[in-house]
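Have a look at the structure below before the remarks.
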Amino acid sequence: MYPIIIAAEAAKDAEKAASFAPFDPWHFPSQIFWLVVLFGTLYIVLSRIILPRIGSTLERRESTIASDLDEAARLNEEAVDAQKAVDVSIAKAHAKARETADKARGKIDKEIATETAKVDAEVDKKLAEAETRISALRADAMQNVEGIAVDAAASVLGKFGSKATDANLKAAVKTALEEG
Amino acid sequence: MNLFFYGAADPMKQFEVQKWFELPPLFGYDISFTNAAGFMLLGVVLCIAFFGYAASRGKIVPNRLQSMGEIGYGFVADMIRGTAGEEGLRFFPFVFTLFFFILFANLIGMSPYAFTTTSHLIVTGLLALLVISIVVVFGLWKNGLKFFGLFAPSLGDMPILGKLVIYAILIPIEVISFIARPLTLSLRLFANMLAGHILLKLFAGFAVTGITAGGIGLVVAPLAFGMGVALNALEFLVAGLQAYVFAILTCVYLNDALHPSH
């Protein structure tokens, strides 16, 4: 039984091999027709509608990126300029501050100098006054010392029983003071 | 024994064209809507849907699907620029349609039970003929008779006798290679898709019959199954590669039409 079936299958197979499906001509017109229709449709839809749109999207993206980069470069330049301006104004402010400080210092120095001079003058004056007074007092004191010495000398001489004139005593005392 | 599988696993069955709808004949020719036309329509619809989405979204910042569509656009544009130069871009819509028509057909064919439209020589042959017709017509229109310089490259300074001898050998070779172009272009795609799908079906069939036969078949079946898996991966590569080869050879031939001097 089997050999018969196998033989039948083989026969069917041989028949099939004779009409190899891709080369079976009955479907050629249909294949050609549908290929032309479908390939043509795909070509028209792609070339008229889809591809130009994708192309314009890509172009738009490219130009957007380029303009964004330009904008970024411009803003960067602006930022650099602004930084420079800030630096300049900071330097100016520094200079002005220094100037003001210098001026103030000069003024204060001057005031200090005048005040010092004034105080010095007063002190000098007071010192001079004090010195005059001291020398006056000293002279006075010296005067007194002379009197006392003359008195003492007169009394000493009186004890010895001799007398001397005032003028002599005074002269002697003076000499003694000057020598001593 | 196992004759049930014998019929189901017939590796040629997948290439059979079956009518889905009868249509009235056009000029006496049967143009019924077949499974071949159906899967071709599916490829075209998917292609339009995919790129239509990318085109209609059109945002400056793309999402993944839009980005994929745009990468496809850039890929084909770069392919043309690389082989045919900037002037080649006038054929951009044609090469783009050709590449993605074939790619979608090949990839849809990788799905089980699907029909592979590119596994029929009538389809690939017509596409190749279209390419060569465009090359010849455009080449003649743009370059006039200089287009035939394609067959006789300039030899520079040489005695006239030497030139004659070289041309006598060279021109027939060039003419034959030009005529062979549509044949090789169509046969390459057709044979690759046909052979790949036959192999896939054969190894899958071995796996099934091996298991049902038992005995040594139980050893063969896993090997055949593993081979089928490996071939499946290879066929995906072939599906992409053959679409690419078809498109890039189209660009090369178009380059000849644009710049006929070698």
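Quick note: the coordinates plus some simple rules give every number you see, no bench work behind them. On a predicted model such as this, the values are computed, not experimentally measured, just so you know. Every residue, glycine as well, gets a Cβ built from its backbone with ideal geometry; the counts of neighbours run over all protein chains shown.
Some values worked out for this structure:
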{"quantity": "Vicinal HN-Hα couplings computed from phi for region B:215-224 (Karplus, 6.51 cos²θ - 1.76 cosθ + 1.60; Hz; Gly/Pro x)", "calculated": "x, 5, x, 5, 7, 5, 3, x, 4, 5"}
{"quantity": "Other protein chain Cβ atoms within 10 Å, averaged over every residue that makes up B:51-61", "calculated": "5"}
{"quantity": "Taking the convex hull of Cα positions in region A:15-117, its mean projected area over all directions (nm²)", "calculated": "14.3"}
{"quantity": "Normalised alpha carbon radius of gyration of region A:47-179 [divisor 2.2 N^0.38 Å]", "calculated": "3.62"}
{"quantity": "Label-point separation in nm, B:LYS163 to B:LEU26, each point 7 Å along Cα→Cβ", "calculated": "5.0"}
{"quantity": "Reachable lysines from B:LYS201, criterion Cα separation under 22 angstrom, eight or more residues apart if same chain", "calculated": "A:LYS12, A:LYS16, B:LYS13"}
{"quantity": "Helix-only CD estimate at 222 nm, as mean residue ellipticity for chain B, using -39500 (n - 2.57) per DSSP H run (n ≥ 4)", "calculated": "-25500 deg cm²/dmol"}
{"quantity": "GNM top mover of B:LEU183, B:LEU241, B:LEU164 - chain B, alpha-carbon springs below 10 Å", "calculated": "B:LEU164"}
{"quantity": "Descending semi-axes in Å of the protein assembly as shown, equivalent ellipsoid built from Cα gyration tensor", "calculated": "124, 33, 23"}
{"quantity": "Longest to shortest principal axis, alpha-carbon extents of chain B, angstrom", "calculated": "75, 54, 44"}
{"quantity": "J(HN,Hα) series, region A:135-150, from Karplus relation 6.51 cos²θ - 1.76 cosθ + 1.60, nearest Hz, glycine and proline x", "calculated": "5, 5, 4, 4, 4, 4, 4, 4, 4, 4, 4, 4, x, 4, 4, 5"}
{"quantity": "GNM result for chain A, Cα springs below 10 Å: residue of A:LYS96, A:LYS163, A:LYS126 fluctuating most strongly", "calculated": "A:LYS163"}
{"quantity": "Choice from B:GLN14, B:GLN242, B:GLN66 with maximal GNM fluctuation in chain B (Cα, 10 Å cutoff)", "calculated": "B:GLN66"}
